[in-house]
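K.L.:
My questions will all concern the structure given below.
The values are calculated or read from the model by the stated rules, or taken from the named source; none is laboratory data. No experiment lies behind these values; they were computed from the predicted model shown. Positions of Cβ are backbone-derived with ideal geometry, glycine not excepted, and every protein chain shown enters the neighbour counts.
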Amino acid sequence: MTLKMFRALPGYFGGKQKLVGTIFKYAPTKTRFLDAFMGGGSVSLYAKLRGHDVIANDHSFFSEIVGRAIIENNGVKLSASEVWRAIGIGVKEEPAFNSEIESKFDELFLPTDQVVLKSLIRAGHENTGPKKWLLLLLALKYSLAMQSFGDWRKNAVTEFQSRLFTTLSVTKTNRIRVFKQNREKILNDDIDFINNAIVPGDAVFWKKDVFEAIKKSDAKTIYLDPPYGGASQTYEQINFWKNYFLSNEVHPGETTNEFNEEKGLNSMKRLAEACEASEAKTVILSYWTKCVSAETLAEWFKEFNLKKVPLKAYHYSYGGSTADGNHEYLGVGSR
């Protein structure tokens, strides 16, 4: 049941869907749980399903869509009829976006998919509360499935698309498969996936600086999954997607990452100090070893006084290939 619920979440590089079982072996049951870097939402959703009182925190708009639509939503769901009604209105009167955003729509999507996306985005902003975020989440999932066809007639992709495919794990095989699928089925399936992940529970979404979130929460368990040092391109792409869903304006965003090998130790020291000053009894830290040296990773774990727990069997894959010579490590500390 849990794995099926993960199908409600958009694809996210570094997502922990395959690792949550191991992560939660070390988390005390049913505590106040802070997911300080929520990302794609799999850890927060799993914590909610296990009965924790969850705080899901992230400054990313991508994460905010998931956090408000799924994590803190206890019962509001989408109906297929309201989704198709919104699309029907959009077909009659296609919403207009900022010219720069419009040019990227033309580059990345076929005309039919542009109408669907713009209709869902407009309907989202015409709603309030969970319905707004549910419609934006549906639009986000559809965009990630269908963006690969903007140049399909040329049997090629633009430079921008090539980067996006690599970043968001969209392979040529997937592009062909998705294109052949019926669009109505894709949308209806995603409506079902999203609705199935909406369950009662104690959970809130915060959009705070991570140090402020740690300070203000009274969580007994803190999970830290800092952004990867090599992930700047991912943030640039996600920031560009963010502009589609925010408004009719282009919003510059944060593309730097302080948790890289050069700056990471100082940032990790700050995190360790924040956790030490908090009420947390258990701190769990995970990180991808491809992004830092073994020596740097050892220093990070030392700062937190954490026991290292290797996950040797797990490898990330992206762009249709598997990254070799790396795996995720966990560190667990209790007091």
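K.L.:
Restricted to region 9-47, and to residues that are surrounded by fewer than 22 Cβ atoms within 10 Å (Cβ to Cβ), of a type in the set (Gly, Ala, Ser) and under 16 Å from the mean Cα position of the chain (by Cα), which residue is farthest from GLU212 (Cα to Cα)?
P.N.:
So, considering only residues that are surrounded by fewer than 22 Cβ atoms within 10 Å (Cβ to Cβ), of a type in the set (Gly, Ala, Ser) and under 16 Å from the mean Cα position of the chain (by Cα), the one farthest from GLU212 (Cα to Cα) is GLY11.
K.L.:
If I ask for residues that are at pLDDT below 95 and of a type in the set (Ser, Thr, Tyr), which ones from region 192-250 would you list?
P.N.:
Listed by number, the residues that qualify are SER217, TYR228, SER232, THR234, TYR235, TYR244, SER247.
K.L.:
While we're looking at this one, here's another question. Among the numbered conditions (1) farther than 24 Å from LYS308 by Cβ; (2) at pLDDT 90 or above; (3) of a type outside the set (S, T, N, Q), tell me where GLY11 comes up short.
P.N.:
Of everything listed in (1) farther than 24 Å from LYS308 by Cβ; (2) at pLDDT 90 or above; (3) of a type outside the set (S, T, N, Q), GLY11 misses just condition (2).
K.L.:
How many residues does region 54-85 hold that are of a type in the set (Phe, Trp, Tyr), assigned by TED's automatic domain parsing to the domain that holds GLY15 and under 20 Å from LEU187 (Cα atoms)?
P.N.:
Of the residues in that region, 1 qualify.
A quick yes/no check of all residues on (1) within 18 Å of PHE245 (Cβ to Cβ); (2) at pLDDT 85 or above; (3) surrounded by fewer than 20 Cβ atoms within 10 Å (Cβ to Cβ):
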| residue | (1), (2), (3) |
| --- | --- |
| THR112 | no, no, yes |
| VAL116 | yes, yes, no |
| LEU120 | yes, yes, no |
| GLU126 | yes, yes, yes |
| LYS131 | yes, yes, yes |
| LEU137 | yes, yes, no |
| SER148 | no, no, no |
| ASN155 | no, no, yes |
| THR158 | no, no, yes |
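K.L.:
List every residue pair whose Cβ atoms lie under 6 Å apart, where the two residues are 6 or more positions apart in sequence or sit on different chains, the first residue falls within region 186-201 and is touching a residue at least 12 places away in the same chain (Cβ under 8 Å), and the second residue, located anywhere, is outside any helix (DSSP H, G or I) and surrounded by fewer than 16 Cβ atoms within 10 Å (Cβ to Cβ).
P.N.:
ASN195/LYS77; ILE198/LYS77; PRO200/ASN74
K.L.:
A further question follows. I'd like the full set of residues that are closer than 16 Å to LEU136 by Cα and polar (S, T, N, Q), limited to region 88-124.
P.N.:
Scanning region 88-124 gives GLN114, SER119.
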